[in-house]
Structure formats: C-alpha cells, structure tokens
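One structure below.
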Amino acid sequence: MTSHSAHRPAGGGHRRSVALFGGTFDPIHSGHIAVAQAAQRRFHLDAIYFIPSARPPHKSPSELTLFVHRYTMVALACADNPGFFPSLAEAPAGGAGPHAFYSIDTVKKFRREHPDDHVYFIVGADQFLGIPTWKNYEGLLDSCDFIVASRPGFRLDALRLVIPPEKLGRAPSHDGHKIVLRKSVVNLLTTVASHVSSTEVRERLQRKQVIRSLVPPRVEEYILGQALYR
C-alpha cells in the first residue's frame, strides 16, 4: 500500500506535474485507465494518484464494495502502468470510515505535503458540470488545475457555465481546450471515447456475462477470484 509521499523522482530540481484521480472505483475499469493514459501523455505527468474513496459524500457505505477490495483492484490496475500509483489518501481510519471524504480536503492535504508539485485534478465532464454542489467548490477551483475528461464533441462553453464569473481570468483564453481562471486552469481532454462504466461491469457480472476488455486483466482475475458483484 502506498501514500502520496512515495515515488518522488531523484533530484531536488525537478518540479513534478502530478494528477489526483478520485472516485469510488467500484470497480476500476478500462475507461478510467484510458483517461489517465491520455492525461499522462498530454500533460507530461510524472505521477497519477488513483484515490478510491472510503466514503464519498454522494453514496452511503452500504452501496459500496468494501474499501479493501476497491483499493486492491486499483493497485492491480496501476501495476502495469508506469507512473500510476494507488493512494490511501481517502482510506478508512482504523478500518472504518464514518465520515465522508471531500475533494477540497484531499487536494489541500496533498498540497500541504507536496507544496512544490504542479497539481491537476482529473474529473469527468458530467462530474464537473455538477461541481457547484461540491463542498467549497469555489475553493476547489482555486486550489489546483483541472483535467476534465469527455468524449469528442463536448463543448467547452458547457464547463464555463458552472464557473462563477468572478473566477474567470481577465484575459480569455483563445485555446479551444482550456479555460483560464484567476488562480487555475480548466483543461478539456477530449481524446478518450470509452463508453465503459462501473455500473455496466457490475450488471454484467450479476447476469454472469463476461467482462473481458471492460476491466484490466489483473482486475478481472481478482473480481472472479473473489466472486465480487455476484
């Protein structure tokens, strides 16, 4: 098991570019990996931390597979991808997670521990459109840059609508793939066309259908070996 503090390149002169990729990962699937790989290529990321949440605010614990299984699947998915690391940033304390984890707190904690890193936050377009409902979302917008993953054809203007006008930079960007804010940048990543979802994986398993190619091979082996989602 790893934390954010591991996996720092040797040498003190290099400012890392890292991304935090949070979610329930119930289970992690090939779409998650495709998004991370595309982000890694485009933004030259030194590390992507996959952060399974023990207790996301929008779900009750009874809806989720045990954290130990979700973390293990994330770790297995990361094993074959250099620069991908599982994170315990939102792990349950003492084996139980009575409180919800919020993205703003996770980002602040990471920035305190790694003040020199350039931090991105990876999120899906649908999730970003709902960001006004997140805890202290205006503070979150100020705290790091964003990589918003979407399918080709998604309009950047849709993201602009949920950003408070006072957060926008004085000079609008002419780049059709980013919105410059006063303290951060929202980048649109449209090179991923995966239609896989965790819901689809779970439903296929419940119907005793194959999930090959929907999840990484190591994850498929683990799910079948543990008889998850049956």
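The values are calculated or read from the model by the stated rules, or taken from the named source; none is laboratory data. Only a predicted model underlies this, so the values are computations on that prediction, with no experimental measurement involved. Using ideal geometry, Cβ is built from the backbone for each residue, glycine included, and neighbour counts are taken over all protein chains shown.
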Task: Within segment 182-202, tally of residues that are touching a Lys or Arg at 6+ places or on another chain (Cβ under 6 Å) and modelled with pLDDT of 95 or more - done: 2
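Please count how many residues of segment 68-90 are part of a loop (DSSP other than H, G, I, E, B) and either surrounded by 19 or more Cβ atoms within 10 Å (Cβ to Cβ) or among the polar types (S, T, N, Q) (or both).
In the first step, residues of segment 68-90 are kept if they are part of a loop (DSSP other than H, G, I, E, B); the result is 80-83, 87-90.
Narrowing further to those that are either surrounded by 19 or more Cβ atoms within 10 Å (Cβ to Cβ) or among the polar types (S, T, N, Q) (or both): 81, 87, 89-90.
Residues flagged as part of a loop (DSSP other than H, G, I, E, B) and either surrounded by 19 or more Cβ atoms within 10 Å (Cβ to Cβ) or among the polar types (S, T, N, Q) (or both) within segment 68-90 amount to 4.
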- [ ] Report whether or not Ile51 is among the β-branched types (Val, Ile, Thr), touching a Pro at 6+ places or on another chain (Cβ under 7 Å), modelled with pLDDT of 95 or more and crowded, with 21+ Cβ neighbours inside 10 Å.
- [x] no
TODO: Within segment 20-48, track down each residue that is crowded, with 19+ Cβ neighbours inside 10 Å and assigned to a loop (DSSP other than H, G, I, E, B).
DONE: Thr24, Phe25, Asp26, Pro27, Ile28, His29, Leu45
- [ ] Can you run down the residue pairs with Cβ atoms below 8 Å, 6 or more apart or on separate chains, where the first is in segment 153-182 and part of a helix (DSSP H, G or I) and the partner is modelled with pLDDT under 80?
- [x] Leu156/Gly176
TODO: Would you mind finding the one in Ala100, Ala193 that is outside any helix (DSSP H, G or I) and exposed (fewer than 15 other Cβ atoms within 10 Å of the Cβ)?
DONE: Ala193
Task: Residues of segment 42-82 satisfying the condition of being more than 16 Å from the chain's Cα centre (by Cα) and without any contact (Cβ under 8 Å) to a residue 24 or more places away in the chain - done: Ser60, Ser62, Glu63, Leu66, Val68, Pro82
Open item on the list: Cβ contacts < 7 Å: first residue closer than 14 Å to Ser194 by Cα and among the polar types (S, T, N, Q), restricted to segment 25-41; second residue surrounded by fewer than 21 Cβ atoms within 10 Å (Cβ to Cβ) and at pLDDT below 95, any location; separation 6+ or different chain. Result?
Closed with: Ser30/Ser194; Ser30/Val196; Ser30/Ser213
Open item on the list: I'd like to verify a number: residues in segment 196-223 that are surrounded by 14 or more Cβ atoms within 10 Å (Cβ to Cβ) and either in contact with a Gly (Cβ under 9 Å, 6 or more places away or on another chain) or not β-branched (Val, Ile, Thr) (or both), how many?
Closed with: 11
Open item on the list: For segment 159-182, which positions are more than 18 Å from Phe43 (Cα to Cα) and either exposed (fewer than 14 other Cβ atoms within 10 Å of the Cβ) or not hydrophobic (A, V, I, L, M, F, W, C) (or both)?
Closed with: Arg160, Leu161, Pro164, Pro165, Glu166, Lys167, Gly169, Arg170, Ala171, Pro172, His174, Arg182
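For Thr65, indicate whether it is among the β-branched types (Val, Ile, Thr), outside any helix (DSSP H, G or I), surrounded by fewer than 24 Cβ atoms within 10 Å (Cβ to Cβ) and modelled with pLDDT of 95 or more.
On the way: among the β-branched types (Val, Ile, Thr): yes; outside any helix (DSSP H, G or I): yes; surrounded by fewer than 24 Cβ atoms within 10 Å (Cβ to Cβ): yes; modelled with pLDDT of 95 or more: yes.
The answer is yes for Thr65.
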